[in-house]
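The values are calculated or read from the model by the stated rules, or taken from the named source; none is laboratory data. Values in this document were obtained by computation on a predicted structure and should not be read as measured data. With ideal geometry, Cβ positions are generated from the backbone for all residues, glycine too; neighbour counts draw on all protein chains shown.
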Amino acid sequence: MAPADARLPISVVVPARNAAEFIDACLAAVQRNNPAEIIVVDGRSDDETVEIAGHYADSVLSDEGGGVAYARQMGAEVARQPYVAFVDVDIELTDTALRDLLDELKDRKLEAIQAQLRSVGGQDYWSRALVSHHRGGRSKHWFGLVASVFVREAFLHYGMDSAFSSGEDIELRYRLEKSGARIGLSEEVVVPHRFGSGFNFALGQWLADGSGLGRVVRKFGWPAAATLLIPAGGTVLGIGRSLLRQPQFVAYYALYGACNYAGIVHGLLDKKVQRLKSVKQFEPYRDHS
């Protein structure tokens, strides 16, 4: 453990559920970055996630089944540092990632910054296809939450919508952009983002992504409808690229498109998501320090 005065003024929040496969490597990497506080918010895991987390975390909380958006919000609310980082269990930070992200956030006068992601996975067909997709797709250029640092008060100003069981990062990014928030993708920091193996993992990714897009449109209405074109664009570009270079992945992209739109229908019908009623959700954060 680093001396207190050498630790970064960052509270790291790691949401986790049944993550025993990844969480040890994730938290060991977080610890090597020397943050002042590590908070794990568990989603009622029934494997060794909580036990492993206890070896690294200052606090291990339960979201009581509230979901990942609720877990992120809970972690940020109890955090004691002026900056809060969100690190998902499938991320392994490089040893200076948090310091470098914090320095860049300050230098660029941002409210939040996301590391660039380098997708890695197994050797099975579905894992290789996911890695190829995410390395070549546009999503690697989008702001997200899986490896990010926020000014804590700015994050609490915007907050999470706990009704989003998936797509919470898309929903928050939409509000941040509409609010004119100062957010950005790191120009320097790149961290590994690990994918699981097998068809069921890929299917879960597609359905969750599609459901998230559907929830965004349900909440924000027609102004957000353009997001529904994202899977179509990804499918067309992916099939085109595959036909030229990797024809074995054509089937992957066809299923990606179909399953994303199945998820979109589910998200559009999610009655837990409330339609936007107030433009106050787009009010920008103002630093009063």
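Observations
- Restricting the stretch 56-83 to residues that are assigned to a loop (DSSP other than H, G, I, E, B) and more than 19 Å from the chain's Cα centre (by Cα), the residue that is surrounded by the most Cβ atoms within 10 Å (Cβ to Cβ): 57
- Of the listed requirements (1) modelled with pLDDT of 95 or more; (2) in contact with a strand residue (DSSP E or B) (Cβ under 7 Å, 6 or more places away or on another chain), residue 202 misses just one: (2).
- Number of the exception - residue 39 against (1) β-branched (Val, Ile, Thr); (2) more than 18 Å from residue 105 (Cβ to Cβ); (3) surrounded by fewer than 24 Cβ atoms within 10 Å (Cβ to Cβ): (3)
- Unmet requirement for residue 189, which otherwise passes all of (1) modelled with pLDDT of 95 or more; (2) not assigned by TED's automatic domain parsing to the domain that holds residue 67: (2)
- When residue 86 is tested against (1) assigned to a loop (DSSP other than H, G, I, E, B); (2) among the aromatic types (Phe, Trp, Tyr); (3) under 20 Å from residue 144 (Cβ atoms), only condition (1) is not met.
- Scanning the stretch 80-114 for residues that are among the charged types (D, E, K, R) and touching a residue at least 40 places away in the same chain (Cβ under 8 Å) yields 80, 88, 90, 92, 95, 99, 100, 104, 108, 109, 111.
- Matching residues, the stretch 126-135, being of a type outside the set (Val, Ile, Thr) and buried (at least 18 other Cβ atoms within 10 Å of the Cβ): 126, 127, 128, 129, 130, 132, 133, 134
- Looking across the stretch 21-34, the residues that are in a helix (DSSP H, G or I) and either modelled with pLDDT of 95 or more or buried (at least 24 other Cβ atoms within 10 Å of the Cβ) (or both) come down to 23, 24, 25, 26, 27, 28, 29, 30, 31, 32.
- Residues in the stretch 221-229 include none that are more than 14 Å from the chain's Cα centre (by Cα) and either over 26 Å from residue 259 (Cβ atoms) or not assigned by TED's automatic domain parsing to the domain that holds residue 265 (or both).
- For the stretch 145-157, a residue qualifies if it is surrounded by 21 or more Cβ atoms within 10 Å (Cβ to Cβ) and assigned to a loop (DSSP other than H, G, I, E, B), and exactly one does: 145.
- For residue 183, the requirement of being more than 13 Å from the chain's Cα centre (by Cα) and β-branched (Val, Ile, Thr) is met.
- Some residue of the stretch 158-171 being of a type in the set (Ser, Thr, Tyr), part of a helix (DSSP H, G or I) and surrounded by fewer than 22 Cβ atoms within 10 Å (Cβ to Cβ): yes
- Flag for residue 113 being under 19 Å from residue 85 (Cα atoms) and surrounded by 23 or more Cβ atoms within 10 Å (Cβ to Cβ): yes
- All of (1) touching a Phe, Trp or Tyr at 6+ places or on another chain (Cβ under 8 Å); (2) surrounded by fewer than 11 Cβ atoms within 10 Å (Cβ to Cβ) hold for residue 255 with one exception: (2).
- Condition met for residue 117 (within 30 Å of residue 253 (Cα to Cα), aliphatic (A, V, I, L, M) and in contact (Cβ under 8 Å) with a residue 60 or more places away in the chain): yes
- Hey, residue 37 at pLDDT 95 or above, of a type in the set (Asp, Glu), in the same structural domain as residue 72 (by TED's automatic domain parsing) and in a strand (DSSP E or B) or not: yes
- Here residue 178 fulfils each of the conditions (1) charged (D, E, K, R); (2) under 30 Å from residue 80 (Cα atoms); (3) at pLDDT 95 or above apart from (3).
- Qualifying residue in the stretch 239-252 (condition: touching a residue at least 40 places away in the same chain (Cβ under 8 Å) and touching a Phe, Trp or Tyr at 6+ places or on another chain (Cβ under 6 Å)): no
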